[in-house]
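Chemist: Please find one structure pasted underneath; my questions will follow.
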Amino acid sequence: MTEQELAAAACAGDEEAFFSFLSVHKRKLYGIAYSYMHNESDALDMLQEGAYKGWLKCHTLKDPAAMLPWLIRILIRCCIEEIRRRKRRPPIVMEQAYRNSPEMVSVAKLDMEHALNRLKPKYRHVIILRYYNDMTIPEIAKALGEGRRNSEDVAASRFETASRQNKLRR
């Protein structure tokens, strides 16, 4: 089956087709989750949560051709919700010990994470999808689903603004 056929079958309630569709795109979806969560197990948890929410609402999707951007949007929202949840609750002692353990991290990676954390979320999302996941501006526009006719222009504008802000802060 082609991707389009898998998406259409999944929207019609075919569980096997839904999981086949996920399997085709598992690397891309995992990469997006990992770029938000910075941890393999958390990324896998968010992937599972996104797949669950996607399956529950799959029947409401009007255009099966838009299934991948729709799933990406769900996944991003799951990651953002989890990050917000973690900010609200106090860390567990085990998590603190784990975070303080020595880990080999490159200076460039730390600089990039620091630069991303300084950006507003609407700009950060575009940069993460563009550079961490090699998505094009039209793909980013669909994934972020601004709901506007000119969403591609909005995505391009946010990308330019985020790039400019990072150059000024160096």
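Chemist: Below 14 angstrom from the Cβ of Gln4, what's the summed charge of the other residues (Lys, Arg +1; Asp, Glu -1)?
Modeler: Value of the local net charge: -4.
Chemist: Kirkwood Rh over alpha-carbon pairs of segment 1-71, then Stokes-Einstein at 25 °C and 0.890 mPa s: what D in µm² s⁻¹, rounded to an integer?
Modeler: My calculation gives 201 µm²/s for D.
Chemist: Work out how much length Ser163 to Glu15 would gain on full extension: take 0.36 nm times their residue separation and subtract the Cα-Cα distance, in nm to one decimal.
Modeler: Stretched fully, the Ser163-Glu15 segment lengthens by 49.2 nm.
Chemist: Say the cut-off is 20 Å between C-alpha atoms; which of Lys57/Lys87; Lys57/Lys120; Lys26/Lys62; Lys87/Lys142; Lys26/Lys142; Lys62/Lys122 go over it? Each step should come with its number before you reach the end.
Modeler: Values: Lys57/Lys87 28 Å; Lys57/Lys120 29 Å; Lys26/Lys62 22 Å; Lys87/Lys142 28 Å; Lys26/Lys142 18 Å; Lys62/Lys122 26 Å.
Going by Cα-Cα distance, Lys57/Lys87; Lys57/Lys120; Lys26/Lys62; Lys87/Lys142; Lys62/Lys122 fall outside the 20 Å limit.
Chemist: Once phi is turned into ³J(HN,Hα) by the Karplus curve 6.51 cos²θ - 1.76 cosθ + 1.60 with θ = phi - 60°, what whole-Hz value does each residue of segment 20-27 show in order, with x for glycine and proline?
Modeler: Values per residue, Gly and Pro as x: 5, 4, 4, 5, 4, 10, 4, 5 Hz.
Chemist: Suppose every Lys and Arg Cβ carries +1 and every Asp and Glu Cβ carries -1, with no other charges. What dipole size does segment 1-77 come out with about its Cα centre, to the nearest 20 debye?
Modeler: 300 debye
Chemist: Mind giving me the nanometre distance, one decimal, between the label points for Ala66 and Lys87, set 7 Å out from Cα along Cα→Cβ?
Modeler: About 2.8 nm separates the two model spin labels.
Chemist: Accessible area per residue of segment 10-56 at 1.4 Å probe, in Å²?
Modeler: Heavy-atom SASA per residue in segment 10-56 reads 54 Å².
The values are calculated or read from the model by the stated rules, or taken from the named source; none is laboratory data. Keep in mind the model is a prediction, meaning the values are calculated, not measured. We place every Cβ from the backbone using ideal geometry, glycine too, and count neighbours over all the protein chains shown. The accessibility values were calculated without ligands, DNA or RNA, using every heavy atom of the protein model including side chains. Shrake-Rupley method; radii C 1.70, N 1.55, O 1.52, S 1.80 Å.
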